[in-house]
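First the structure, in the form of structure tokens, and then the observations on it.
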Amino acid sequence: MGALRFLTAGESHGPGLVTIVEGMPAGVPIAAADIDRDLVRRQRGYGRGGRQKIERDAIRVLSGIRQGRTIGSPIAFVIENRDAPNWERVMSVTAIEDAPAPVTRLRPGHADLAGALKHGYDDVRDVIERASARETAARTAAGGVAKALLRELDIAVRSEVTQIGNVRTDPAWDDDRVEASEVRCGDEAASARMVEAIEAARRDGDTLGGVVAVRATGVPPGLGSYAQWDRRLDGRLAQAVVSIPSVKAMAIGDGAQVAAERGSAAHDPIEVRDGGFSRTRNRAGGLEGGVTNGEHVVLWVSFKPISTLMKPLPSADLATGEPSPAHIERSDVCVVPAGGVVCEAVVALVLADAILEKFGNDSVDDLRAALERYRSRLRPLRART
Ligand code: EPS
């Protein structure tokens, strides 16, 4: 815990977003192009709004990487907000005369009311700017660093949209099909129906949520710990995933279904296959006792519909208290496909953190050697040499 840390800064319409990642071992090959690829994937997806036509999200590396490898120092990035020049007066650092009128019409579902009451603001703009999901670009960049480490260890984190509105399907886990789909769903027929559902919501001035499946493969058993509540990896994954804007629920494996079943159906029988321990099924989603068990880590993440509605809900004015429809601001109709990319990033960060905590974070060569030695003893006691 805390072997790998990251912080982000930046307002949605300020000059840019800042990411600092600290705790990466030296010697990890890392290319800005790989991180930028995920930033582009996060911008795409049917149902995104006008903002993504303006932005060309890409990192500028400020520190921590030299000659294509990490050097063990803090890694810092900036992502420029290309929209910033259009917001210069609103976002002016120095006080300006005849400043733009404050936003006082509160949007249900956003942080608007809770944030304004919390900080005593008279302008909801002060909430909107940092509560905006624009911040997830910075989190995606941090996740790109974690993915670079996991790649070295043959661990991959993927995501796939399985539901938008009431259109549902099963994950295909086929990268080519998922990335070819406008909604990042591997089922072509379901993709088409999801696009139609988004279009129908747009026509009605409404928005849609959905579900993303996230799967990490190649994860060694023994990450996390059952010894203390805050070391349990299930809880650490939940913190990382549920803190993504719009996420309202996360299930681990078949966690939502087994509540209605008997234990004999819910748990995963153990067997020995090819000399190693294995399972006949993976309903636990790769986690038992807050520790990875060697199976794929599988999460199901539910996103609520975007809160800004073009046909706004009834609301009240922060200043006058009078009834007033919610503030309307340029927004998306559906962010579930983009949300999947953000899920990959934060899951990669949690897994990388747990790996560094178990195997050390000074040098990637030392780490690889420690992991190989560990893997070589993951057999029945009597089968060990
Ligand atoms: C986002 C940028 C934002 C929104 C969206 C996420 O840009 P703008 O507010 O200028 O249109 O499009 O934010 C939200 C949906 C939200 O609810 O905060 C981005 O880059 O992801």
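Every test in (1) over 30 Å from Ser181 (Cα atoms); (2) in contact with a Lys or Arg (Cβ under 9 Å, 6 or more places away or on another chain); (3) assigned to a loop (DSSP other than H, G, I, E, B) is passed by Asn361 save one, and that test is (2).
The condition (being within 15 Å of the ligand (Cβ to nearest atom) and either in contact with a Ser or Thr (Cβ under 6 Å, 6 or more places away or on another chain) or not in a helix (DSSP H, G or I) (or both)) is satisfied by just one residue among Pro102, Pro108: Pro108. Scanning segment 277-313 for residues that are at pLDDT below 95 and away from the ligand (no atom under 16 Å from the Cβ) gives a single hit, Lys311. The selection criterion, being more than 16 Å from the ligand (Cβ to nearest atom), under 30 Å from Ser307 (Cβ atoms), touching a residue at least 40 places away in the same chain (Cβ under 8 Å) and outside any loop (DSSP other than H, G, I, E, B), holds for Ile20. For segment 186-207, taking the residues that are more than 24 Å from Asp174 (Cβ to Cβ) and in contact (Cβ under 8 Å) with a residue 24 or more places away in the chain, the one that is farthest from the chain's Cα centre (by Cα) is identified as Asp204. Would you point out the residue of segment 23-47, among those that are among the aliphatic types (A, V, I, L, M) and in contact with a Ser or Thr (Cβ under 9 Å, 6 or more places away or on another chain), that is nearest to the ligand (Cβ to nearest atom)? For segment 23-47, the residue satisfying everything is Leu39.
The residue pairs whose first member lies in segment 53-77 and is more than 12 Å from Leu17 (Cβ to Cβ) and free of Cβ contacts under 8 Å to residues at least 24 places away in the same chain, whose second member is of a type in the set (Val, Ile, Thr) and surrounded by 16 or more Cβ atoms within 10 Å (Cβ to Cβ), and whose beta carbons are closer than 8 Å, counting only pairs six or more residues apart or on different chains, are Leu62/Val78; Ser63/Ile75. When Gly321 is tested against (1) farther than 28 Å from Asp34 by Cβ; (2) surrounded by 14 or more Cβ atoms within 10 Å (Cβ to Cβ); (3) more than 16 Å from the ligand (Cβ to nearest atom), exactly one condition is not met: (2). Restricted to strands (runs of 3 or more DSSP E) entirely inside segment 229-318, those with at least 2 residues that are in contact (Cβ under 8 Å) with a residue 60 or more places away in the chain are 276-279, 297-303. Filter segment 66-99 down to the residues that are under 23 Å from Ala137 (Cα atoms), away from the ligand (no atom under 16 Å from the Cβ) and β-branched (Val, Ile, Thr), then identify the one that is surrounded by the most Cβ atoms within 10 Å (Cβ to Cβ). Here the answer is Ile75. Looking only at residues of segment 324-358 that are away from the ligand (no atom under 12 Å from the Cβ) and not in a helix (DSSP H, G or I), we find that the one that is surrounded by the most Cβ atoms within 10 Å (Cβ to Cβ) is Ala326.
Can you give me the number of residues within segment 122-154 that are among the hydrophobic types (A, V, I, L, M, F, W, C) and surrounded by fewer than 21 Cβ atoms within 10 Å (Cβ to Cβ)? Counting residues in segment 122-154 that are among the hydrophobic types (A, V, I, L, M, F, W, C) and surrounded by fewer than 21 Cβ atoms within 10 Å (Cβ to Cβ) gives 3.
The values are calculated or read from the model by the stated rules, or taken from the named source; none is laboratory data. Worth saying up front: this structure is predicted, and the values here are computed from it rather than measured. Glycine also receives a Cβ, built like all others from the backbone with ideal geometry; neighbour counts cover every protein chain displayed.
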